[in-house]
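To keep things clear, I will list the structure first and then write my remarks on it.
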Amino acid sequence: MILAIETSCDDTCAAVVEADGRRALSNAVHTQTEHSRYGGVVPEVASRAHLERLDGVIERALSDAGVALEEIERVAVTVRPGLIGALLVGVAAAKGLAYSRRLPLVPVNHLEGHVAAAYLEDPDLEPPFVALVASGGHTALYAVGEDRTMHLLGETLDDAAGEALDKGARMLGLGFPGGPAISRAAEGGDPHRYEFPVALKERDSLDFSFSGLKTSLLYKIRELGPERVRKELAHLAAGYEAAVVEALSRKLLRAAELQRAGAVVVAGGVAANGRLRRRLREECSERGIGLVVPPPALCTDNAAMIGAAAAHTPEIPWPEYLSLNARSV
Ligand code: KG4
Ligand code: ZN
């Protein structure tokens, strides 16, 4: 059994995952609410909140799983990329736990973790496949090889998809995180009333760009003025959300075509988006491509995905990991 810890951003997470990385016995998450009034994550606030919460979240992960600490065989932790102070809280806790019990430690890459959520969702899934990771900090397409190595096919040249949603939501006076806020505001809205640019339509580039989209929302808001923005909010949110979904879907499907992939995986916080999930379900079934999208709780940051990735990540034996460091990139 693996105990996994994830503290790379603003979610304090711990989970117990079976050794083969195919089943989570628990998945405890404490989402920090301290950041909502700042409209974005404040790194120092995040580190301190992790410090206060992590012990309790680990205890909850163990008790939800009905597993005693003595039954844990390996400790896994996110070591990169993320907010350095936030990562260090998780890494220090993982080292302490593993060291005191003489267990090996498994250092996990957060993005590999997002993709590994798919192995929990579909216990029969095996690479090769194409994966889209779309989160608040990253938007990238990977070809995942038979040995699970990830080859970058394309990535965002500016903002991440989640970041574009977060910034768009802020411009529209909606809450944080912006992704779910925009989806709620878009309910009943007409996505065609305001057309937003879908960047990089060139067929063969697999890179993304969301800065033009953001700018066009800003101009639209200025043009309409506050009163009409309020009246037209659902349409504006729907159009903006649709443009992000369109860019992500189109590039993912193009990557699948170029790689002749039989299956695609969508992961990261933005994969929790309902419009994106519906769109890809339709497109993939039309093309006969397998689609694995984990449930929303496994898309946004969580530790079960870190445990799933750890099952196929080399471990560091006790006590060699004491000098292990976290990295922001
Ligand atoms: O993966 P994640 O939880 O944290 C990072 O590693 O960044 O992703 C967070 C991002 C935020 O930008 C948030 O707005 C977005 O995922 N997000 C969503 C939804 N839930 C979270 N975007 C669209 N629709 C959602 N339902
Ligand atoms: Zn993430």
Looking at (1) of a type outside the set (Phe, Trp, Tyr); (2) without any contact (Cβ under 8 Å) to a residue 60 or more places away in the chain; (3) surrounded by fewer than 21 Cβ atoms within 10 Å (Cβ to Cβ); (4) within 16 Å of ligand 2 (Cβ to nearest atom), can you tell me which one residue 195 breaks?
(4)
Those residues of region 92-110 which are among the hydrophobic types (A, V, I, L, M, F, W, C) and either modelled with pLDDT under 95 or surrounded by fewer than 24 Cβ atoms within 10 Å (Cβ to Cβ) (or both) amount to 92, 93, 97, 103
Search result, residues across region 65-88 that are touching a Ser or Thr at 6+ places or on another chain (Cβ under 7 Å) and either away from ligand 1 (no atom under 16 Å from the Cβ) or modelled with pLDDT under 95 (or both)
65
Answer yes if at least one residue in region 315-324 is among the aliphatic types (A, V, I, L, M), part of a helix (DSSP H, G or I) and in contact (Cβ under 8 Å) with a residue 40 or more places away in the chain, and no otherwise.
yes
All-but-one check, residue 207 against (1) more than 16 Å from ligand 1 (Cβ to nearest atom); (2) acidic (Asp, Glu); (3) out of contact with any Ser or Thr (no Cβ under 9 Å at 6 or more places or on another chain), failing number (3)
Out of region 5-57, which residues are within 28 Å of residue 125 (Cβ to Cβ), of a type in the set (A, V, I, L, M, F, W, C) and more than 16 Å from ligand 1 (Cβ to nearest atom)?
16, 17, 19, 24, 25
Checking residue 294 against (1) of a type outside the set (Asp, Glu); (2) touching a strand residue (DSSP E or B) at 6+ places or on another chain (Cβ under 7 Å); (3) not in a loop (DSSP other than H, G, I, E, B), the condition it does not meet
(3)
Just checking, how many residues over region 175-186 are part of a loop (DSSP other than H, G, I, E, B) and buried (at least 20 other Cβ atoms within 10 Å of the Cβ)?
1
How many residues are closer than 21 Å to residue 126 by Cα and either within 16 Å of ligand 2 (Cβ to nearest atom) or of a type outside the set (Val, Ile, Thr) (or both) if we restrict to region 261-276?
8
Conditions (1) under 15 Å from residue 267 (Cα atoms); (2) touching a Ser or Thr at 6+ places or on another chain (Cβ under 8 Å); number of the one not met by residue 157
(1)
Positions within region 198-208 being assigned to a loop (DSSP other than H, G, I, E, B) and either surrounded by 20 or more Cβ atoms within 10 Å (Cβ to Cβ) or among the aliphatic types (A, V, I, L, M) (or both), in sequence order:
198, 199, 200, 206
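So that you can scan it fast, the table gives a plain yes or no per residue for (1) surrounded by fewer than 23 Cβ atoms within 10 Å (Cβ to Cβ); (2) small (Gly, Ala, Ser); (3) within 17 Å of the chain's Cα centre (by Cα):
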{"position": "254", "(1), (2), (3)": "yes, no, no"}
{"position": "278", "(1), (2), (3)": "yes, no, no"}
{"position": "281", "(1), (2), (3)": "yes, no, no"}
{"position": "285", "(1), (2), (3)": "yes, yes, no"}
{"position": "289", "(1), (2), (3)": "yes, no, no"}
{"position": "310", "(1), (2), (3)": "no, yes, yes"}
Can you tell me which of 126, 155 is among the acidic types (Asp, Glu) and either touching a strand residue (DSSP E or B) at 6+ places or on another chain (Cβ under 6 Å) or within 26 Å of residue 215 (Cα to Cα) (or both)?
155
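The values are calculated or read from the model by the stated rules, or taken from the named source; none is laboratory data. Computed from a predicted structure; not experimentally measured. Using ideal geometry, Cβ is built from the backbone for each residue, glycine included, and neighbour counts are taken over all protein chains shown.
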